[in-house]
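*Asks:* Please read through the structure below; I'll follow up with questions.
The values are calculated or read from the model by the stated rules, or taken from the named source; none is laboratory data. Here the structure is a predicted model, which is why all the values come from computation and not from measurement. Glycine gets a Cβ as well: all are built from the backbone with ideal geometry, and neighbour counts include every protein chain shown. SASA here: full protein model, heavy atoms, side chains in, ligands and nucleic acids out. Shrake-Rupley method; radii C 1.70, N 1.55, O 1.52, S 1.80 Å.
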Amino acid sequence: MTPTALPGRPGIVQRVARDLGPGSYVNLGVGIPVDVLPLLRHRPDIFVHSENGVLGMRTLDPDEATDDNMVNAGKMPVGAHEGAAFFHHADSFAMMRGGHLDACVLGAYQASASGDLANWSLGRPDAANTVGGAMDLVVGAKQVWVTMEHLTHQGKPRILPECTLPLTGVGVVNRVYTDKATLHIVDGTVIVAELVGDTTFDELVDITPVPLIDRPVEREQGQALHPRQVG
Amino acid sequence: MDKFVPTAQEALADVRDGSTIHVSGFGSAGLPVDLLETLAEQGARDLTIVSNNGGTGDRGLARLIAAGQVSRLVASFPRGADTKAFDEAFATGRLEYECVPQGTLAERIRAAGAGIGGFFTPTSYGTELAEGKETRVINGRGHVFEKPLHADVALVRAWGADALGNVVYRKTGRNFGPVMCTAATTTVVSVEHRLAIGEIDPEHVVTPGIFVDRVVVDDPHLAVSA
């Protein structure tokens, strides 16, 4: 296994970028996921979808002017690769629900061993919740990848037997990228596909209250997404 | 036929209290700030606004909410940076808010414009946003029934239009505009450019004029982002 060069959030971002194969159509959510975008600056073979109506999004050049009508899902200014396309919201969400995106990468509060995801509500009745496009993405993308810190700021686990926060989707998560590991969720089983930095399997077990399967063979094979292989 | 109206005031003069209003825009992209400012001055009250966001700063949708003209907001993502007007109105109970997943919001509007009486979507199945809604298992997968979302008035911002009401948009400013144009009794489009008939290649028309009732050219003094 190639050691991960960067710890923490930069490492999460780096590993997600590494695992996106050529020819894939992918949506990068607000938060950690959209930080993958600069790493794809010179990868026009990866088509980044933004829910607000662009396929082929890229970061701006250093000297490139911003444009009020050219923003990503976080309302930040972006550019478009040659060959990009614009479309309206109903078409944009048809791409998601219709199963046309190879992967979506989302931030999360919690994920469960069976792939449930909680990322839109902290369950406070006095707060107005903001779901955005998350529920549409998780039911439609072929792969749902979640990025988050392994533990909360209070040191509590985010990967749980069952989510305690309101759900975004049921049984939808395929992978979890944290600052400690990359986990694959396959039929309700959580497989440790990658250990990050100095983390050992035993240490991961200590901070992850769900059954973990150590599958080094799977680690050796790498995890790149190659959705458009021909032949 | 000439769908251009000389002023936004004239275009919005007949908006009544209690109306449901679609407002295009994702952040500032495609947001009809001119029309919202004019509606704030026009004074219609008890409005239901259907829009992805909840307005920022103190102009446009935020101004309408702060002035107490909005009683209900249907949105997917109303909170964010500088959403003080929404936050205050919601916290004090002056504003009812319905949270709708963004794709369901777009499709409910599309259904209204396309004459569809509702649809089943897997989005939100098994979550609290599906509570109280009819569900059905289709091909082994849970779906939620969603109803069309029609409006009395749609306020949409675009790049340009001709006198027949054919509309073209700019980049991600397109967002909710095309579906909202189809789903209102009266659709008002605000544009940066008045185009001559024939100037838009028919292959490039995004919203055909049949969906548009009135067109207003933006006041250049107001045409900044908000």
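*Asks:* Using protein chains only and a probe of 1.4 angstrom, how many square angstrom of A:ASP198 are accessible, to the nearest 10?
*Replies:* Here the residue's solvent-accessible area equals roughly 140 Å².
*Asks:* Specify the residue with the greatest mean-square fluctuation among B:ILE65, B:ILE49, B:ILE116, computed from a Gaussian network of chain B linking alpha-carbon atoms under 10 Å apart.
*Replies:* B:ILE116
*Asks:* What pairs in A:LYS75/B:LYS147; A:LYS156/B:LYS133; B:LYS84/B:LYS171; A:LYS75/A:LYS142; B:LYS3/B:LYS133; A:LYS180/B:LYS84 have C-alpha atoms more than 31 Å from each other?
*Replies:* Exceeds cut-off: A:LYS156/B:LYS133; B:LYS3/B:LYS133; A:LYS180/B:LYS84.
*Asks:* For every other residue with a beta carbon closer than 10 angstrom to the beta carbon of A:GLY171, add +1 if it is Lys or Arg and -1 if Asp or Glu, then tell me the sum. Don't skip to the end; give the middle numbers.
*Replies:* Values: positive: none; negative: A:ASP116, A:ASP187.
Taking every Cβ under 10 Å from that of A:GLY171, the sum is -2.
*Asks:* Okay, moving on. Taking springs between alpha-carbon atoms closer than 10 angstrom, which of A:GLY133, A:GLY155, A:GLY171 fluctuates most in the Gaussian network model of chain A?
*Replies:* Of the options given, A:GLY155 has the highest mean-square fluctuation.
*Asks:* How far apart, in nanometres, would the label points at B:ARG72 and B:ILE197 be if each is projected 7 angstrom from Cα along the Cα-to-Cβ direction?
*Replies:* Those two pseudo-labels are separated by 4.0 nm.
*Asks:* How much of the accessible area of the protein assembly as shown, probe 1.4 Å, is carbon plus sulfur, in whole percent?
*Replies:* Working: 9690 of 19110 Å².
That fraction is 51 percent.
*Asks:* Then there's this: Among A:SER112, B:SER28, what's the order by accessible area (1.4 angstrom probe), most exposed first?
*Replies:* Values: A:SER112 0, B:SER28 35 Å².
In descending accessible area the options line up as B:SER28, A:SER112.
*Asks:* Relative contact order of chain B, please, whole-number percent, based on alpha carbon pairs below 8 angstrom and at least 6 residues apart. Before the final figure, lay out the partial values.
*Replies:* Details: 541 pairs, mean separation 53.5, N = 226.
Taking the mean separation of contacting Cα pairs over the length of chain B, I get 24 percent.
*Asks:* Calculate the FRET efficiency for B:THR185 and A:LEU151 from the Cβ-Cβ distance with a Förster distance of 35 Å, rounded to the nearest 0.05.
*Replies:* 0.10
*Asks:* Excluding B:PHE90 itself, what net charge comes from residues whose Cβ is under 14 Å from its Cβ, given Lys and Arg +1 and Asp and Glu -1?
*Replies:* Working: positive: A:ARG124, B:ARG72, B:ARG79, B:LYS84, B:ARG94; negative: A:ASP126, B:ASP87, B:GLU88, B:GLU96, B:GLU98.
With Lys, Arg at +1 and Asp, Glu at -1, the neighbours total 0.
*Asks:* With every protein chain present, what is the per residue accessible area of the protein assembly as shown (1.4 Å probe, Å²)?
*Replies:* Values: 19110 Å² over 457 residues.
For the protein assembly as shown, the solvent-accessible area averages 42 Å² per residue.
*Asks:* Net charge within 10 Å of B:ARG72 by Cβ-Cβ distance, Lys/Arg positive one each and Asp/Glu negative one each, not counting B:ARG72 itself?
*Replies:* On the way: positive: none; negative: B:ASP46, B:GLU96, B:GLU98.
Neighbour charge sum, excluding B:ARG72 itself: -3.
*Asks:* Another question, then. Using only the C-alpha atoms of chain A, find the volume of their convex hull and express it per residue in Å³. Before the final figure, lay out the partial values.
*Replies:* On the way: hull volume 33.2 nm³, N = 231.
Spread over its residues, the Cα hull of chain A gives 144 Å³ apiece.
*Asks:* Further question on the same structure: Does any residue of region A:54-81 lose at least 40 Å² of accessible area with all protein chains in place compared with its chain alone, and if so which ones (probe 1.4 Å)?
*Replies:* A:ASP67, A:ASP68, A:ASN69, A:LYS75
*Asks:* With runs of 4+ DSSP H residues as the only contributors, calculate the mean residue ellipticity of chain B at 222 nm using -39,500 (n - 2.57) per run, divided by the residue total and rounded to the nearest 500. If you can, show how the numbers build up before the last one.
*Replies:* On the way: 6 runs with 47 residues, N = 226.
Mean residue ellipticity, 222 nm, calculated: -5500 deg cm²/dmol.
*Asks:* Which value in nm describes the separation of the simple spin-label points at B:HIS204 and A:ARG215, placed 7 Å from the Cα toward the beta carbon?
*Replies:* Here the modelled spin labels are 5.1 nm apart.
*Asks:* Tell me the total accessible area that A and B bury against each other, 1.4 angstrom probe, in square angstrom rounded to 100. Before the final figure, lay out the partial values.
*Replies:* Values: alone 11440 and 10820 Å², together 19110 Å².
Interface area, both chains combined: 3200 Å², rounded to the nearest 100.
*Asks:* Let me ask another. What spacing in nm lies between the two simple spin-label points modelled at A:MET76 and B:PHE4, each 7 Å away from Cα in the Cβ direction?
*Replies:* 4.0
*Asks:* So which residue, out of B:GLU131, B:GLU146, B:GLU41, gets the largest mean-square fluctuation from a GNM of chain B using Cα contacts under 10 Å as springs?
*Replies:* Of B:GLU131, B:GLU146, B:GLU41, the Gaussian network model singles out B:GLU131 as fluctuating most.
*Asks:* Continuing with the same structure: Under a 5 Å amide H to amide H cut-off, with H placed in plane at 1.01 Å, what residues pair with A:ALA73 once short-range neighbours are removed?
*Replies:* Amide H neighbours of A:ALA73: A:GLU51, A:ASN52.
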